[in-house]
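Take a look at the structure set out below.
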Amino acid sequence: MSILAKQVDVPAQYAAESGLVLVTGATGLFGRRLMERLLEAGAVLRTTSLRPPPADFPVDRVDHRVGDLGDRAFARQVMDGVKGLFHLAGQRGSVGIQRKHAATMLGENLTICINTLDAARRAGVERVLYTSTVSVYPPMRVYREDLIWSANPHPADEFVAWAKRMAEKFLEAQEIQYGFRNSVIVRPVNTFGPHDDFKPETALVVPALIGRALSGQNPLVVWGDGTAVRDFLYVSDAVEGMLLAYQNGMGKGAFNIGSGRGHSIRELVEAVQAATGKQVEIAWDTTKPSGEPQKIADISRARELLGYAPKVDLAAAIAETVQWYLALRGPVMR
């Protein structure tokens with residue numbers, strides 16, 4: 001049976017019969033969409049967040065726990081009775097944030113992951129999905145799963161990347177020591193959508209551009225010359241990949257989750273302008289770094305082994321994100 005409620009006919013009791021499912025980091029970008037999909041499938045959910053959830057969080061439909069998974073006691077407490085785990089929790093941020101808070105990005109991410117994955121093993125959790133990132137890869141034009149250890153991560157992302165790499169290696173160590181083959185790793189590309197972080201000081205590139213465009217910034221300043229190519233993914237496609245990995249990928253290693261297509265930063269800016277209706281001057285700041293020339297995920301392994309097929313193109317994804325953001329912020333943003 002499948003837990004993909006929108007894709008196949010799923011008996012409402014299926015997820016409940018599978019036992020309690022824990023989603024860590026449930027108030028974030030991935031967590032909110034994943035939680036919606038699991039609830040649609042009839043799952044019995046426990047969720048966690050570091051801080052109290054926002055007002056629109058469905059606390060009446062889940063067993064929500066607030067606490068720090070960096071605390072081993074809390075990690076073990078929330079794992080009680082859990083049969084399935086989607087581990088999403090962690091620190092993320094722009095390149096600038098990662099450099100400014102390097103020790104936090106490395107230390108807290110690593111502690112959160114090791115505590116959570118160790119607690120899952122001790123509690124006998126039967127299915128574990130760990131959300132890593134394509135930042136674990138060394139600099140290369142096309143990311144392929146078997147190349148992760150071919151060199152060091154890019155210096156711009158190295159502290160988050162090393163924490164995520166070591167968490168992946170910890171799952172491998174658990175498999176070797178305890179004989180478990182009950183986990184799967186997903187490595188999403190730059191993902192965006194509703195419930196993203198739009199705060200100027202911490203937002204990643206897509207929500208940052210949307211927020212600044214809607215705020216009326218003119219000219220709209222963008223780092224680099226616009227030629228850098230990236231793989232962008234809408235959150236609904238990312239979550240479908242996670243669900244497919246949870247269903248079909250246990251014990252099969254890691255999977256890239258992306259669009260498999262490259263878009264230049266210039267294309268991204270044009271799509272943001274079209275979706276926001278803000279046709280302002282663009283100021284390309286070539287004194288700032290634009291990063292690697294191209295970063296695209298090879299998603300052939302996910303297509304072949306999981307049946308993964310991203311559906312939402314970049315323009316539609318940005319338009320949906322803008323509509324959600326405007327609805328959240330109200331007329332003042334229009």
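The values are calculated or read from the model by the stated rules, or taken from the named source; none is laboratory data. Everything numeric in this text was worked out from a predicted model, so none of it was measured. Methodologically, a virtual Cβ is constructed for each residue, glycine included, from the backbone with ideal geometry; neighbour enumeration extends over all protein chains shown.
Taking the criterion of being in contact with a strand residue (DSSP E or B) (Cβ under 9 Å, 6 or more places away or on another chain), outside any strand (DSSP E or B) and at negative phi, the residues of the stretch 218-233 that qualify are PRO219, ASP225, THR227, ALA228, ASP231.
For every residue, the table says whether it meets (1) under 20 Å from ASP197 (Cβ atoms); (2) surrounded by 23 or more Cβ atoms within 10 Å (Cβ to Cβ); (3) polar (S, T, N, Q).
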| site | (1), (2), (3) |
| --- | --- |
| SER215 | yes, no, yes |
| TRP223 | yes, no, no |
| VAL229 | no, no, no |
| GLU240 | no, yes, no |
| GLY249 | no, yes, no |
| PHE255 | no, yes, no |
| SER264 | no, no, yes |
| GLU267 | no, no, no |
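Tell me yes or no: at least one residue of the stretch 156-172 is free of Cβ contacts under 8 Å to residues at least 40 places away in the same chain and in contact with a Lys or Arg (Cβ under 8 Å, 6 or more places away or on another chain). No: the stretch 156-172 contains no residue that is free of Cβ contacts under 8 Å to residues at least 40 places away in the same chain and in contact with a Lys or Arg (Cβ under 8 Å, 6 or more places away or on another chain). Filter the stretch 243-264 for residues that are assigned to a loop (DSSP other than H, G, I, E, B) and among the small types (Gly, Ala, Ser); which is nearest to ARG187 (Cα to Cα)? Selected residue: GLY258. Within the stretch 107-146, the set of residues being assigned to a loop (DSSP other than H, G, I, E, B) and within 29 Å of SER18 (Cα to Cα) comprises GLY124, VAL125, GLU126, SER132, THR133.
Take the conditions (1) modelled with pLDDT under 95; (2) surrounded by 15 or more Cβ atoms within 10 Å (Cβ to Cβ); LYS288 misses just one of them, which is (2). Among the residues making up the stretch 175-202, those that are touching a Gly at 6+ places or on another chain (Cβ under 6 Å) and modelled with pLDDT under 95 are ARG181, PHE198, THR202.
All of (1) assigned to a loop (DSSP other than H, G, I, E, B); (2) within 21 Å of ASN190 (Cα to Cα) hold for GLU267 with one exception: (1). Residues that are outside any strand (DSSP E or B) and either touching a residue at least 24 places away in the same chain (Cβ under 8 Å) or in contact with an Asp or Glu (Cβ under 9 Å, 6 or more places away or on another chain) (or both) within the stretch 287-299 comprise LYS288, PRO289, SER290, GLY291, GLU292, PRO293, ASP298, ILE299, listed in sequence order.
Figure legend. Inter-residue proximity from the stretch 19-47: first residues in contact (Cβ under 8 Å) with a residue 12 or more places away in the chain, second residues surrounded by fewer than 23 Cβ atoms within 10 Å (Cβ to Cβ) and among the aromatic types (Phe, Trp, Tyr), beta-carbon distance below 9 Å, spacing 6+ or different chains. Indicated pairs: ALA26/PHE57; THR27/PHE57; ARG32/PHE57; MET35/PHE57; ALA41/TYR14; GLY42/TYR14; ALA43/TYR14; THR47/PHE57. Of all residues in the stretch 77-106, those that are modelled with pLDDT of 70 or more have Cβ atoms under 6 Å from Cβ atoms of residues that are of a type in the set (Asp, Glu) and surrounded by fewer than 23 Cβ atoms within 10 Å (Cβ to Cβ), 6 or more apart or on another chain, in LYS83/GLU126; GLN91/GLU108.
Once the stretch 109-120 is narrowed to residues that are out of contact with any strand residue (DSSP E or B) (no Cβ under 6 Å at 6 or more places or on another chain) and surrounded by 19 or more Cβ atoms within 10 Å (Cβ to Cβ), the residue that is modelled with the lowest pLDDT is ASN109.
For VAL44, the criteria (1) within 11 Å of THR27 (Cα to Cα); (2) of a type in the set (Val, Ile, Thr); (3) surrounded by fewer than 20 Cβ atoms within 10 Å (Cβ to Cβ) hold in every case but one, which is (1). If you go through the stretch 147-162 and keep only what is in contact with an Asp or Glu (Cβ under 8 Å, 6 or more places away or on another chain) and among the aliphatic types (A, V, I, L, M), you end up with just ILE148.
When TRP284, TRP324 are checked against the criterion of being of a type in the set (A, V, I, L, M, F, W, C), over 30 Å from GLU40 (Cα atoms) and touching a residue at least 12 places away in the same chain (Cβ under 8 Å), TRP284 stands alone in meeting it.
Take the residues in the stretch 149-174 that are assigned to a loop (DSSP other than H, G, I, E, B) and surrounded by fewer than 20 Cβ atoms within 10 Å (Cβ to Cβ); name whichever of them is modelled with the lowest pLDDT. By that ranking, first place goes to HIS154. Mind listing whichever residues of the stretch 175-213 are crowded, with 17+ Cβ neighbours inside 10 Å and among the basic types (Lys, Arg)? If the condition is that a residue be crowded, with 17+ Cβ neighbours inside 10 Å and among the basic types (Lys, Arg), then ARG187, ARG212 are the ones that fit.
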